[in-house]
Amino acid sequence: MKPRIAITLGASFLGYAANAGFLARLHELGVRPVRVGGSSAGAIAAGLYAAGLPADKIREVVLSWGLRLSFVSGTPWFMHYVRNTFCSSYPAVFKPDAAVNYLESILGDRKIEDLHEPTFMAAVCDLDAARTHFMQSGSLARTMVASCCVPTIFSPLKFVGMNCFDGGVVHEAPFDPWLEDDEIDTIIMHRVAHTEQSYPRFLPFNLFKITAQAHACASEQLLQYRLRLAAILGKKVLITQTTHDRPALFSGNRMPDFYEAGVQQAQRFFDQELKAIMEASVQLPQPPPCLAWACKGSSNQGISDRAPLRVCSANTYTSRASIQDAHESLFQSDPKRAASGL
């Protein structure tokens, strides 16, 4: 039996071109994931793929000016400035609502729950409640955009009663809901990184580098906990990375190169790792019995800190309990290692 594969695509500035190229090449090579998901740019590429668009159409969308400009073109500049100065609790440069309209012009009114081959999931952050949610129902286009709302860059998108921010704030490439999914054996995580670049020398702009490094440190530590949790639950996680130059927002002539970088990385990854796994045709060990779900009826109710909670009305749940359970398991097996944070 070939492994049942899920693919999660990482957040990265304009990284949807590399993510889309990566998915397209794996599809050409015969890889058919049962689940796809992502954060931010990864949610864009995964959503287009899950919607069943042809590969050439996805390539056209992710390379287009229209997609990039839609995230800024709907900003009512004067009123946006006034609101963000005097009224808003979430000041930001751009208002991303036009991006929803743009994606709906391509995807129509598709709902996430209607996607089955593969299913789709995207991470969003609710900063008010200090929670990450993994969206598995509702408007596909709106979820994709909600997952892209980088704090201070984009105003949050109102969705299922939350002010939604970029899922990459906490989960660079989300896969928590799949750890207790009996339909998945192997999780592929595709990251998009940029080559080294120089940062400005003068305040406040020279603070960007250290801020980015601090965020990367926290994200990497959380990823290590999640990988350990995956091992405890019997899931195989394969991580691969595409690296290319940093994109420029208003210069799209390099986007085809970034798409091709994703294509080439998919080929290398398939040749070096995935092909052997697929050809082995050996059923991987089944994970231990799933932890019990704690369901609730409304997405506006509070979220438990202990149970891996699925919000039944919106098909979201928080991963906090799973991380706690993983840490407790680590502490029991190796107190010194757990105390030191893996």
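Within region 210-222, residues that are open to solvent by less than 50 Å² (accessible area, probe 1.4 Å) have Cβ atoms under 6 Å from residues that are among the acidic types (Asp, Glu) in these pairs: 219/172, counting only partners at least 6 apart in sequence or on another chain.
Condition check for residue 17 on (1) in contact with a Pro (Cβ under 6 Å, 6 or more places away or on another chain); (2) part of a helix (DSSP H, G or I); (3) not charged (D, E, K, R): one failure, at (1).
The rows are residues; the columns are (1) assigned to a loop (DSSP other than H, G, I, E, B); (2) touching a Lys or Arg at 6+ places or on another chain (Cβ under 9 Å).
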site: 145; (1), (2): no, no
site: 148; (1), (2): yes, no
site: 163; (1), (2): no, no
site: 168; (1), (2): no, no
site: 177; (1), (2): no, yes
site: 183; (1), (2): yes, yes
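In summary, residue 284 fulfils each of the numbered conditions (1) of a type in the set (A, V, I, L, M); (2) out of contact with any helix residue (DSSP H, G or I) (no Cβ under 8 Å at 6 or more places or on another chain); (3) outside any strand (DSSP E or B); (4) at pLDDT 85 or above with the single exception of condition (4). Within region 26-46, residues that are assigned to a helix (DSSP H, G or I) reach partners that are β-branched (Val, Ile, Thr) and surrounded by 24 or more Cβ atoms within 10 Å (Cβ to Cβ) with beta carbons closer than 6 Å, at six or more positions or on different chains, in the pairs 46/36. Within region 228-246, residues that are on the phi > 0 side of the Ramachandran plot reach partners that are open to solvent by less than 60 Å² (accessible area, probe 1.4 Å) with beta carbons closer than 6 Å, at six or more positions or on different chains, in the pairs 234/287.
Could you go through region 3-13 and let me know if any residue there is within 28 Å of residue 265 (Cα to Cα), in contact with a Leu (Cβ under 8 Å, 6 or more places away or on another chain) and not hydrophobic (A, V, I, L, M, F, W, C). Scanning region 3-13 turns up at least one residue that is within 28 Å of residue 265 (Cα to Cα), in contact with a Leu (Cβ under 8 Å, 6 or more places away or on another chain) and not hydrophobic (A, V, I, L, M, F, W, C).
Can you tell me which residue in region 104-163 is most open to solvent (accessible area, probe 1.4 Å), limited to those that are within 21 Å of residue 6 (Cβ to Cβ) and of a type in the set (Ser, Thr, Tyr)? Among those residues, the one meeting the criterion is 119. Residue-level check: of (1) at pLDDT 90 or above; (2) surrounded by fewer than 21 Cβ atoms within 10 Å (Cβ to Cβ); (3) over 29 Å from residue 73 (Cβ atoms), residue 256 misses just (3).
The values are calculated or read from the model by the stated rules, or taken from the named source; none is laboratory data. Here the structure is a predicted model, which means the values were calculated and not measured. Here Cβ is always computed from backbone atoms with ideal geometry, including for glycine, and neighbour counts include all displayed protein chains. What goes into the accessible areas is simple: the full protein's heavy atoms, side chains included, and nothing from ligands, DNA or RNA. Shrake-Rupley method; radii C 1.70, N 1.55, O 1.52, S 1.80 Å.
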